[in-house]
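Participant: Have a look at this one.
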Number of protein chains: 2
Amino acid sequence: MSIKLADYLFTRLRQLGIRSIFGVPGDYNLHLLDFVQPSGLSWVGTCNELNAAYAADGYARINGISALITTFGVGELSALNGIAGAFAEKAPIIHIVGTPARTTQDSRALVHHTLADGEFRRFADMASHVTVAQVDLKDPRLVPDQIDRALREAMIHSRPVYLEVPDDMVDVHVDASNLTSMICTPSAPVTAHEPVVLDRILQRIYAAKQPLILADGESRCMGILDEIDRLIKTTGWPTWTTIFGKSLVNEQLANVYGIYAGSIGDSQWKEYFDSADLIINMGPHYSDTNSQNFTTIPNPTVTITLSNTYVQIDGDIYRDMHPGNILAQILQTLDTSRTPRVTGPAKSAKEADQLSSSDLINQKDFYRIVNSLIREGDIVLTETGTAAHGGRNLILPQNTRLLGPATWLSIGYMLPATLGAALAQRERTKNPESRAVLFIGDGSLQMTVQEISTIIRENLNVIIIVINNDGYTIERAIHGRKQSYNDIASWRHAQALGFFGADDTNPMQRYFPARTWGELDAVLRDKSIQDGTGVRMVEVFMGREDVQGALLRLMEKQIAYE
Amino acid sequence: MSIKLADYLFTRLRQLGIRSIFGVPGDYNLHLLDFVQPSGLSWVGTCNELNAAYAADGYARINGISALITTFGVGELSALNGIAGAFAEKAPIIHIVGTPARTTQDSRALVHHTLADGEFRRFADMASHVTVAQVDLKDPRLVPDQIDRALREAMIHSRPVYLEVPDDMVDVHVDASNLTSMICTPSAPVTAHEPVVLDRILQRIYAAKQPLILADGESRCMGILDEIDRLIKTTGWPTWTTIFGKSLVNEQLANVYGIYAGSIGDSQWKEYFDSADLIINMGPHYSDTNSQNFTTIPNPTVTITLSNTYVQIDGDIYRDMHPGNILAQILQTLDTSRTPRVTGPAKSAKEADQLSSSDLINQKDFYRIVNSLIREGDIVLTETGTAAHGGRNLILPQNTRLLGPATWLSIGYMLPATLGAALAQRERTKNPESRAVLFIGDGSLQMTVQEISTIIRENLNVIIIVINNDGYTIERAIHGRKQSYNDIASWRHAQALGFFGADDTNPMQRYFPARTWGELDAVLRDKSIQDGTGVRMVEVFMGREDVQGALLRLMEKQIAYE
């Protein structure tokens, strides 16, 4: 039996649980787009391709995998920064590029969307740096296996792949027989050393005096979140996450502490960490920004690390085992009577400042106050900048996911990612009331602001909290506190939703400014914020140089230097 | 004598006539940005990096050369599509990337804005596809010559170059002695065959019975516009341009016809072209979109072609001569008494339809009507889509430049390019009243709309004419006439200028809608449009499937196919 290439591809995407595809139409992908909706997928056209890539990234982090369609050259290059971010932080995006017909490419014709030099491989070459597989679907005999291989690589590595579909290949027939079996992540055969590894881990667990669990961000794409949850509940051991790992464990559990921040965090937590004799470390991701400048990476001599590709026990590395299997077997074999019960350090309970309702809102207290807004099932997104730093202080209800920046830190990412994540959540939960809350600075907002209109068009429930501090405050903290290059143009945020087409007789009912704690309190109690639907915007004004936590130290260092 | 690296670099940029730099601050370029304003350059921060690259491209096309500063990874990749466009259509952008300090790179540290794999060369590798020189300024002994070489390559090829400045190199001292001599485009030594070439060209000119001049788009970056103007005036020969060449010659001259469009254009023009025995063809650029799908490329057996790298006479190619020198020598030696006087075909003078003031505005007549708006000295920009097709029908006053798409055709380009071009024009002419008029479709506008705020902030005089035809009409003409993927979200354009911060007690006085010819007429006569300053927006409503010219043929073909 045969099937058209486009139908084969879109059937595969549906089988993987993709329900919507993001992208922008262009000359070389229009024929391909004809097949999207008939295949049962939704087409979500965004305002530009970078935003589409960001949206696909957000969708992948909630749904597990996502798809993006762009056009050759102009479209795919616009998306490239978004693909790079998905590579760095492990979101599997199936990036499909509509390319010129094979005859055009073979004849090296100087067509538009090229550099007019007859060379058609440049963009694929660029993409190879930020994708784990690249396939050019130009021979129908190879197509089914090429597609399957690329999708499998995306799943195994949890990273983007790159598929070229020449315009004349879209409706070429290919063999359909692969479709009867689903694509899955193949397991490696059980290795000879697997029993040794299991035994070593169990012995270390039974012998531990001061153990802890550390959940890092790559746990998400390793498919081990359920196992981690069971491990935390079974052992009752003190549990921390990294910045990237936030929200991957249930923060409402008594033994879950929050983000471990080393010397800039709670000193008792650091003391416990430093003298721990066993750290079970899962999904490691060791960038400077995810490890407080490399200071919170656990000491390997006391650590069992489960990554996607290896298990490390006290410095010895074992490969070719599935971390999920290892964890599952440990949970199954674990003799809970031999598992030590330990008492962790005190939970941080800083004395909260008394706030006067007429006082101006500040960074230090804002996230504690706004925490009441977050409900179980929400997706919370905190954009690079002060919002990401502040969002680390939120204490999340269970089943609440937070997307924050870990390593790529491309400002502008989080608003389109909100589109993707909120859409994935609505599809996944089938709950039309599912909701996302975005915290974003005024500078970041300017990067990708137009995607508000797509969020509106898709009828998603999103509360956008704009931190208006008059420019790139995080950069002011790093360098150039008073420099004009950290200024931005001044916008009237009150008019944003109206401009972008919010369907409301009075769009102003959807916009709420807040300068003082009293105003913020009123906004947070407002019926539209509490129970409303669609997009709402809260503009919170804060000082240009108001920062907290690690950023405050940077700012102080700069002032001292001046 | 020594000088800090940043001062050396910015001194060189100023020497080349660059007055403003576009870009976005980021962690790895902040120290570098400290040196921009003290060097006498203006910093123009844009909302995102793609927009900055587009703006730099527009600036380069008016100013001759431009500069862009981004940050490592996230920033430069966002700009990449803009750099590729500048490569394809020959706009020399000096792309300066602030990169991590040398120690960080040498130690392969897993810092943010990387893929967390210790590899720092990926982005430079990508850039190498779309830049003519790449230099990594990491050794002070090499820096001055590296910078000079890169700038010279940008000038010679009229294409982007890529400079990396590690964060710790910014204030390292380098030798300053190069600075006493200016960077210029070196001429190749006179070749032995140059006299032969000159003689062959002159003999062909004297012998011609039906000659014509064809000015193509790369004439701009070959620096031969003055010579072309003199050739047109001296010979009086019928002159056409290509799409890319539009506005590079004075359209008010009696012997200048407009864009040669082959079989889809005036049949008498085609007849003259087809039977011409001499075509002097300058600045060739042979993409499908610039040559009516390769049909207007002149017959080489009757053609003298002057490109940036070769002279071709009736099929014979000669290299290593400066085309400007060749043209100058021809003009100097030309015996005008022996230069044939010829009469070209009739100028197109189609019977204009009578328009009723209550009729809805259509594509066919719109550009003829709006032509009255354009004044000498304006810069006119026509975005990819129906605007670009329509803009070809404008008859421009002298000294009026039009920027339209030629080959790269990345929608979204033209609005930020307007920022760059208008700024360059104001700096170049020192005329605070200099003006730009942008024609842009509603779909393209959504791509990069936020740059309106930068145009406002820079106090530029820009009239933005938004063609609102409810989606990607040019794509509807190509394929998917009724498909929803060619729809876009609906915006309230009336609120754009207010949202983006237009400094006006009543921003609505700057927005003008027009649905009928009568309404358009009133808008075009309005004082704010005629004599106003700052940004104004005219929203012109046209039919979803209303197209003209070549696009009409495509649309009709599709309807027939359905």
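Participant: Given the structure, is residue A:511 modelled with pLDDT of 90 or more and in contact with a strand residue (DSSP E or B) (Cβ under 6 Å, 6 or more places away or on another chain)?
Facilitator: Judged against the criteria, residue A:511 is a match.
Participant: Those residues that are of a type in the set (S, T, N, Q), loosely packed, with under 13 Cβ neighbours inside 10 Å and under 34 Å from the mean Cα position of the chain (by Cα), I need them from the stretch B:169-184; list them, please.
Facilitator: Listed by number, the residues that qualify are B:180, B:181.
Participant: If the Cβ limit is 6 Å and pairs must be 6+ apart or interchain, which residue in the stretch A:313-327 that is within 15 Å of residue A:221 (Cα to Cα) pairs with which residue that is part of a strand (DSSP E or B)?
Facilitator: Within 6 Å, the pairs are A:323/A:306.
Participant: Step by step: first the residues of the stretch A:147-181, then only those that are in contact with a strand residue (DSSP E or B) (Cβ under 8 Å, 6 or more places away or on another chain) and part of a helix (DSSP H, G or I), then the one that is nearest to residue A:81 (Cα to Cα). Which residue is that?
Facilitator: Selected residue: A:154.
Participant: Select the helices (runs of 4 or more DSSP H) contained entirely in the stretch B:204-300, then report the ones holding at least 2 residues which are closer than 21 Å to residue B:341 by Cα.
Facilitator: Counting at least 2 such residues, we get B:225-235, B:267-274.
Participant: Which residues, taken from the stretch A:334-364, are at pLDDT 95 or above and among the acidic types (Asp, Glu)?
Facilitator: A:335, A:359
Participant: Assess whether residue B:121 counts as being out of contact with any Leu (no Cβ under 8 Å at 6 or more places or on another chain), free of Cβ contacts under 8 Å to residues at least 40 places away in the same chain and within 10 Å of chain A (Cβ to nearest Cβ).
Facilitator: For residue B:121, the condition - out of contact with any Leu (no Cβ under 8 Å at 6 or more places or on another chain), free of Cβ contacts under 8 Å to residues at least 40 places away in the same chain and within 10 Å of chain A (Cβ to nearest Cβ) - is met.
Participant: Looking only at the stretch A:96-128, which residues are charged (D, E, K, R) and assigned to a loop (DSSP other than H, G, I, E, B)?
Facilitator: Hits for the stretch A:96-128 are A:108, A:117, A:119, A:121.
Participant: Scan (1) assigned to a helix (DSSP H, G or I); (2) under 30 Å from residue A:263 (Cβ atoms) for the single condition residue A:521 breaks and write down its number.
Facilitator: Tallying (1) assigned to a helix (DSSP H, G or I); (2) under 30 Å from residue A:263 (Cβ atoms), residue A:521 fails exactly one: (2).
Participant: Where in the stretch A:23-95 are the helices (runs of 4 or more DSSP H), entirely inside, with at least 1 residues that are more than 24 Å from the chain's Cα centre (by Cα) and at the interface with another protein chain (Cβ under 9 Å from one of its Cβ atoms)?
Facilitator: A:30-33, A:74-88
Participant: Write out, first by first residue and then by second, each pair whose Cβ atoms fall under 8 Å of each other, whose residues are 6+ apart or on separate chains, and whose first residue, in the stretch A:284-304, is closer than 18 Å to residue A:270 by Cβ and assigned by the TED database to the domain that holds residue A:207 while the second is at pLDDT 95 or above and charged (D, E, K, R).
Facilitator: A:290/A:216; A:294/A:288; A:302/A:277
Participant: Is it fair to say residue A:97 is touching a residue at least 40 places away in the same chain (Cβ under 8 Å) and buried (at least 23 other Cβ atoms within 10 Å of the Cβ)?
Facilitator: yes
Participant: Hey, another quick one. Under 7 Å between Cβ atoms, at least 6 apart or on separate chains: pull out the pairs that start in the stretch B:529-555 with a residue that is part of a helix (DSSP H, G or I) and end on any residue that is surrounded by fewer than 16 Cβ atoms within 10 Å (Cβ to Cβ).
Facilitator: Correct list of pairs: B:550/B:264.
Participant: Which of the residues that make up the stretch A:12-22 are among the hydrophobic types (A, V, I, L, M, F, W, C) and either within 13 Å of another protein chain (Cβ to nearest Cβ) or assigned to a strand (DSSP E or B) (or both)?
Facilitator: A:21, A:22
Participant: Residue B:481 - would you say it is in contact with a helix residue (DSSP H, G or I) (Cβ under 6 Å, 6 or more places away or on another chain), surrounded by fewer than 22 Cβ atoms within 10 Å (Cβ to Cβ) and either within 13 Å of chain A (Cβ to nearest Cβ) or in a loop (DSSP other than H, G, I, E, B) (or both)?
Facilitator: When the stated conditions are applied, residue B:481 passes them.
Participant: Right, next: When residue B:470 is evaluated against the numbered criteria (1) surrounded by 21 or more Cβ atoms within 10 Å (Cβ to Cβ); (2) more than 9 Å from chain A (Cβ to nearest Cβ), which criterion, by number, is the only one it fails?
Facilitator: Condition not satisfied by residue B:470: (1).
Participant: Being surrounded by fewer than 17 Cβ atoms within 10 Å (Cβ to Cβ) and of a type in the set (Phe, Trp, Tyr) is true for just one of B:206, B:162. Which residue is that?
Facilitator: The unique qualifying residue is B:206.
Participant: I'd like to know if the stretch A:392-411 contains one or more residues that are over 30 Å from residue A:520 (Cβ atoms), at pLDDT 95 or above and surrounded by 15 or more Cβ atoms within 10 Å (Cβ to Cβ).
Facilitator: Yes; the residues of the stretch A:392-411 include at least one that is over 30 Å from residue A:520 (Cβ atoms), at pLDDT 95 or above and surrounded by 15 or more Cβ atoms within 10 Å (Cβ to Cβ).
Participant: Next up: Collect the residues in the stretch B:93-133 that are polar (S, T, N, Q) and under 24 Å from residue B:43 (Cβ atoms), keeping them in residue-number order.
Facilitator: Residues satisfying the conditions are B:99, B:131.
The values are calculated or read from the model by the stated rules, or taken from the named source; none is laboratory data. No experiment lies behind these values; they were computed from the predicted model shown. Note: ideal-geometry Cβ built from the backbone for every residue, glycine included; neighbour counts use all protein chains shown.
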